[in-house]
1. Calculate how large, on average over all directions, the projected area of the Cα convex hull of the range B:197-247 is; give the answer in nm² to one decimal.
2. Based only on Cα atoms, what mean projected area does the convex hull of the range B:76-155 have, in nm²?
3. Normalised by the number of residues in chain B, what is the relative contact order in percent for Cα pairs under 8 Å and 6+ residues apart?
4. So if the hydrodynamic radius of the range A:113-192 is defined as the Kirkwood radius over C-alpha pairs, what does Stokes-Einstein give as its diffusion coefficient at 37 °C and 0.692 mPa s, in µm² per second?
5. Quick one: B:286, B:29, A:123, fewest Cβ neighbours within 10 Å first, how do they rank?
6. Fewest to most neighbouring Cβ within 10 Å: what's the order for B:48, B:59?
7. Just subtract the alpha-carbon distance of residue B:217 and residue B:270 from 0.36 nm times their residue separation and send over the number in nm, one decimal.
8. Considering the alpha-carbon set of the range A:187-275 alone, what are its Rg and its Dmax in angstrom?
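All of the numbers you see were taken from the coordinates with simple rules; none came from a lab. These numbers were taken from a predicted model, which means no experiment stands behind them. All Cβ positions, even for glycine, are placed from backbone atoms using ideal geometry, and neighbour counts span all protein chains on display.
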């Protein structure tokens, strides 16, 4: 039973970029799993390796310079890293698909939105052009855009509408997993809420699992069951929404919450995390967070922490809890 | 309800062609270009009906005559009617221009797209070959081709086509490289599109504009190159009329009988002008961002 419920399992995945300046350690030994129909938030600063993780799952790490240097990505028990190019291509769009950050650029400007939705359908299902168009129209209606607008071009839509189209494309073949890479970053707050609402609705309706990549903790609280916090290519804290939000363990996660304005608590100033994200070419020794950590001890500088389970399903990577 | 609405065919899909045509027809200059082109094409097709004399009929009683009612554009040194030769010449010129350009463009686009899309070693091999091809003067290349397969219209066609390949490859490669890294290309890959699909469906339509511009300018060049080949005796063989070769033949008489150069010259100029006007209009019409 356990194995059938697991949709995606990532074990010890590392992705590095080999550039002239040196090896960029974008993703280092991360592991997490995702059940069917579950939503997991992947939170972190810019450059924490969130997008690289997503590309790794899709098998679209730009190579060269990027390479998956170790680990396993099991999708329904099958290792995607061992799959051939053809197999991967058949998976993409059908079993898992991706929603990109910027709807302005992720739609082809010279194809009508209808054509772009129908394209995915025709890539994966043997349908005539007419049937594919019909299905595309239904999907468009599903995301709340009237089917008449099918023959319009992306520039005739507003940003929020475009993101709806992108969602429609991603959902066209009812994939089992959707990776949403900062789907609301390019949108304003009201449209953000609408798009998130729509995604949640459709996800419930279709039973799709979702990996939501974001740097917005509010968005995660709104949509996800599970959260993983990434820092410098590592997952520093992972657990259920309650675990991470109400029982925050890792100093970095605490720092993130501290830098959010709160409605309930009155404080004059926000508490930012000091310092900058380390250079991924030259990661600090020991715990990568130690130069910025308020609770840094001498041992943190030399010894890298390992994943520790503090309560069932709640993992932290910090020496304080080992 | 969703299905009903979808079925109801509110998917009033005007095809890309209709859209483009609607926008193109608003562009007056492009329509002028198209009209000239249409006249040229009709002239080429119905040359037998339009021309008052056969193109090779020599009349030694009427050599080097100025334009008159009998000979609208005068006659040449053999007494051939220049108007008839210009009319028949449109056939050769358009034929050579379009065929060689289509061939060159096709090959150039394929190689350019491959080079630009894959980059790296593939790119280097293709582009360096193009550089070599570019480095050989077109006339020398044409002489080499003509001496292998014999002079005539076919060798002119091949020579002109081959010499236009590097230009196309370069333009297409550069355009492909700007489009290759767009997010929608990655998005298509993330939806299961393979490389061929991406190049044909996403990259190619997005780089159509520079290709069209290159093609319209290229036809004029091809017609001119073909004319120079004919002049060297490697292209169209006499007595077949061709504007370029008429121009070349007439150049000895230019001082005294200027009308001999003017008529084929104007024909070439009009053709190239029409192609340019039409090409510019088409480029604007194909760009949905300029849509009103």
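1. Approximately 4.7 nm², given one-decimal rounding.
2. 7.3
3. After rounding, I find 26 percent.
4. Once the numbers are plugged in, D ends up at 253 µm²/s.
5. B:29, B:286, A:123
6. Placing the least packed residue first, the sequence is B:48, B:59.
7. Computed gain between residue B:217 and residue B:270 is 17.8 nm.
8. Here Rg and the maximum Cα pair distance are 14.6, 45 Å.
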